[in-house]
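Heads up: the structure comes next, in structure tokens.
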Amino acid sequence: MTDDTLMWRIAGGSGDGIDSTSQNFARALMRAGLDVFTHRHYPSRIRGGHTYVEVRASDTPVRSRGDGFNFLLALGDSFARNPQDDAYYGNEELKPLTEQLDDLNEGGVIVYDTGQLDEEEIAQTDLDERAEENDWHVYPMDLRNLAREHGRDVMRNTAGVGVTAALVDMDVSYFKDLVREAMSGDVMEANLEILDAAYERAQELDQTHDLTVPSGSHDGEQALMTGSNAIAYGALDAGCRFISGYPMTPWTDVFTIMAQNLPKFGGVSEQVEDEIAAAALAIGASHAGVKAMSGSSGGGFALMSEPLGLAEMTETPVVLVEAMRAGPSTGMPTKSEQADLDFVLYTSQGDSCRVVFAPANVTEAYEQTRAAFRIAYEYQLPAIVLYDQKLGGEMRNVSADFFDREPNPSLGSTLTEEELAEAAHHESGKFRRFRHDGEDGVSPRSIPGQKGGRFLATGNESNEVGHICEDPDNRVAQMDRRMRKLDAIRTDLDEEESSHQTYHGPTGAEYGILTFGSQQDTVFEAVDRLNELGHDVKALGVSDLMPYPEMEVTAFLESVEECLVVEMNASGQFRGLTQRELGRFGPKLSSLLKYDGEPFEPGEIVDGFEASVDGDQPSAGNLKYVPAAGD
């Protein structure tokens, strides 16, 4: 449950420092010994708008955002373009307060900045009535003028943190340490003074609430990071030394982190004119003997379809990242959705020969990015890491020693010049790069410039040395060999000590919940609650999407009477994939779908599951239940 956790939401305008302030707040809570998890919400409009970040903190592991929140720090939107109620987007200045109230839990705390928000306008809202009805504890504070007394207006978010610390009985020294680490000179001194002044002023308030920050401790050093951090660090540790890309939300975070860090490892990053060039450049770098990656989101990845097919045909290893967002077209660029699954599995020309991983959390993002590089370079094909805005932007603490891994610079199935001297060559002297007889589908490659490694690489079907060849027997032999790679990869992954599929709940449970990617840990929290409520439920989170983990999913589905598939899209794409691969289980599968741009909360899954048992539609949120075929 979430009653014993602090769920703090800071809301303001784009430009009010909401993101940086929330990161520091989460980092301070982590240093205080708590487990933390953040959820970020921001507008897609270039002109800005109201934004918020939730920080959930507990003395026990936190895997998901909570159900609603219990502390609101509403700064107001100081960049509001139109503060009139009858404006097209409403009173944008007030939205950081008024648009949060539906999610504020009973007994929650509200602090709002009277220096920014007009109290007469607030009086015209239903805040007082709702506060009395829901037992909310409201503390108006003039944060802007408090900041102005010691520094500048923009520092009112620091004042808000000081007030928060006082109201939840938190040691403000953790924030002070972060200020000293990030700032210097007059700016540092001003922020420290504001923290102290706000903390002292809030302590003078007549506090009527009983919400306090939990206390906890960590066994070792913790790192606070997003899925985007983990993907980038996994790529660096896998030996990636080249990235090319074009900015597009939310993939830009991975691209930026890689660009910032690659020079430290002797690597290169290139921002190019479009996504076609980005993918083609990464393929070229890999062909030349460098571990390379590229990526994009939605429409940008669509432009990569042709280079993706080129990598499959030329058998050039490359890792691509696809960050899902709500579509079609531009859709909602900053909102979460899992609707690019079919697109990523099958885009490009002809039969797909690629690997697709969908990590569920920070640790899986790191491990599966490394796995993507290993598989891509050992089996000579593109590997795709599929994630979404939720995983890319949420922050959580991870034990720092988790990342104590050996780097892997290997280029996989690549021959040395000594090995090339013994390899099969055509009478013309060309290396037989695409031999028909690879047992696992892999015909080892050479790197341009190696003695004895000369061959042709073309997007056309080719013979063993790379010359264009439309002979039917050659076509069948080459296609069969490339497709054998997927069977070999599936065997490889099944034999690994650590599976990419994650189980949770009682082994012999009657009901199952199946999900993929970023919803996994939210589902797992919901499963715990459902079992506490007397239901008999377990869950399986799937990360291997191509080649599909038939053996593991079959065992799971055989062990349950019914299974609810949870995913963030309108068409049940993961359920569709499962039914395509394991059609006989179709009558067991029903769907719980959400596609409003917001990720699931654990309570929504609980509600959806309980409704599905009775064949009803859920009452919570914008959820949709789709029964099994024939029900």
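Read-outs throughout are calculated quantities, based only on the coordinates presented, and are distinct from any laboratory measurement. No experiment lies behind these values; they were computed from the predicted model shown. Because the Cβ atoms are built from the backbone with ideal geometry, glycine has one as well, and the counts that use them run over all protein chains shown.
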**OP:** Rank the residues Cys563, Cys469, Cys240 as a footprinting-exposure proxy: fewest other Cβ atoms within 10 Å of their Cβ go first.
**Re:** Cys469, Cys563, Cys240
**OP:** Distance between Cα centroids, region 436-450 to region 327-376: provide it in whole Å.
**Re:** 26
Original post:
Cα to Cα, under 19 Å, and not fewer than 8 places away if on the same chain: which lysines meet these conditions relative to Lys451?
Top reply: Lys430
**OP:** Would you mind computing Rg(Cα) / (2.2 N^0.38 Å) for the chain, counting N as its residues?
**Re:** 1.05
Original post:
Cα centroid distance between region 171-200 and region 10-35, in Å?
Top reply: 14
Original post:
In what sequence do Tyr625, Tyr387 fall when counting other Cβ within 10 Å, fewest first?
Top reply: Tyr625, Tyr387
**OP:** Quick one: order Val527, Val272, Val626 by neighbouring beta-carbon count within 10 Å, fewest to most.
**Re:** Val272, Val626, Val527
**OP:** At a Cα cut-off below 20 Å, give the lysines reachable from Lys335, other chains included and same-chain residues fewer than 8 away excluded.
**Re:** Lys95, Lys390, Lys594, Lys624
Subject >> Normalised contact order of region 482-590, rounded percent, pairs of Cα under 8 Å and 6 or more residues apart >> reply: 31
Subject >> Value of relative contact order over region 44-155, rounded to a whole percent, pairs C-alpha under 8 Å and six or more apart >> reply: 23
Original post:
Given Cα pairs under 8 Å that are at least 6 residues apart, what percent is the relative contact order of region 224-403?
Top reply: 29
Subject >> Helical contribution to [θ] at 222 nm, DSSP H n ≥ 4, -39,500 (n - 2.57), averaged over the chain, rounded to 500 >> reply: -11000 deg cm²/dmol
Original post:
Between region 568-606 and region 104-136, what's the alpha-carbon centroid distance in Å?
Top reply: 38
